[in-house]
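Structure, as structure tokens:
The values are calculated or read from the model by the stated rules, or taken from the named source; none is laboratory data. In this text the structure is predicted, and so the values were computed from the model without any measurement. Ideal geometry is used to build each Cβ from the backbone, glycine not excepted, and the neighbour counts take in all protein chains shown. Keep in mind that these areas ignore ligands, DNA and RNA; they rest on the heavy atoms of the full protein, side chains included. Shrake-Rupley method; radii C 1.70, N 1.55, O 1.52, S 1.80 Å.
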Amino acid sequence: MSDKLLAVKDLHARVEDKEILHGLNLSLGKGEVHVILGPNGSGKSTLMNVLMGHPKYEVTAGRIDFEGESLLEKAPFERARAGLFLSIPGITLENMIRTAKQAVTGDKVKILPFRKELKAAMEELKMAPEYAQRYLNVGFSGGEKKRAEILQLLMLSPKLALLDETDSGLDVDAVQIVSQGVARFQQENPESSVLIITHNAKILEKLKVDRVHVLMEGQVIEEGGPELIEEINERGFAHLLNDEAAASAEK
């Protein structure tokens, strides 16, 4: 079996009449942590939504293969069952996680052991126990929504976790807690992978980053190791566009 978990090839996607992804290519292996960087409007969140099968986004060309099989014909719940991390609004946090875990594993989830595991994970994320009985994200602050996202991640143990700016709007302490949660997921699930969008390198400090992809104007224009994060922090994104323009002019 191939170690390649996700392969995105020449992906074009649009919302209504506006194309946002213009031939995007990206691949990710099993057990790897990949980071997506890019300025606002570059297509980062669109990529995540397309991977999860959000009906608002239309794929007009290209492929998305997950463990060698196309995702494009699969509904969002089928993608979650295949191993992609996906949260579902409209039910209590506890019931959502228990139902999703049962759907993914195919095994009946016994309530008492499940609640014990849920309680321990919530304590680690410093979440009050009563949040388990709230409807998903209803009445949650921005930081609580992000912690709830990591709680789902820890409880469901997906093959591929798609994290879209999980650190957004968090204070320093909350970023530390979320970072520890993602690191724990990585340690407990060495075969699972993480694809994370972030503007804050702090969340990456406890993670072993394998690859960094820089998106601009709906395409991956630069790839490299974790050292690329420092380069972007120091020089920004503009120099990459300048380098790309110069390379195109030479051809």
How many angstrom lie between the Cα centre of region 27-72 and the Cα centre of region 196-218?
15 Å
Find how many whole Å separate the alpha carbon centroid of region 95-113 from the alpha carbon centroid of region 166-183.
26 Å
Quick one: putting +1 on the C-beta of Lys and Arg, -1 on the C-beta of Asp and Glu, what dipole do you get for the chain around its Cα centre, in Debye to the nearest 20?
1220 debye
Along the positive direction of the dipole of region 8-105 (beta-carbon charges: Lys, Arg +1; Asp, Glu -1; about the Cα centre), which of Ile64, Gly53, Thr99 reaches farthest?
Thr99
Listed residues Leu84, Ser157, Ile111: farthest to the positive end of the dipole of the chain (Cβ charges)
Ile111
Region 155-246 - accessible surface per residue (Å², probe 1.4 Å)
47 Å²
With a 1.4 Å probe and all protein chains left in place, how much of the accessible area of the chain comes from carbon and sulfur atoms, in whole percent?
48 percent
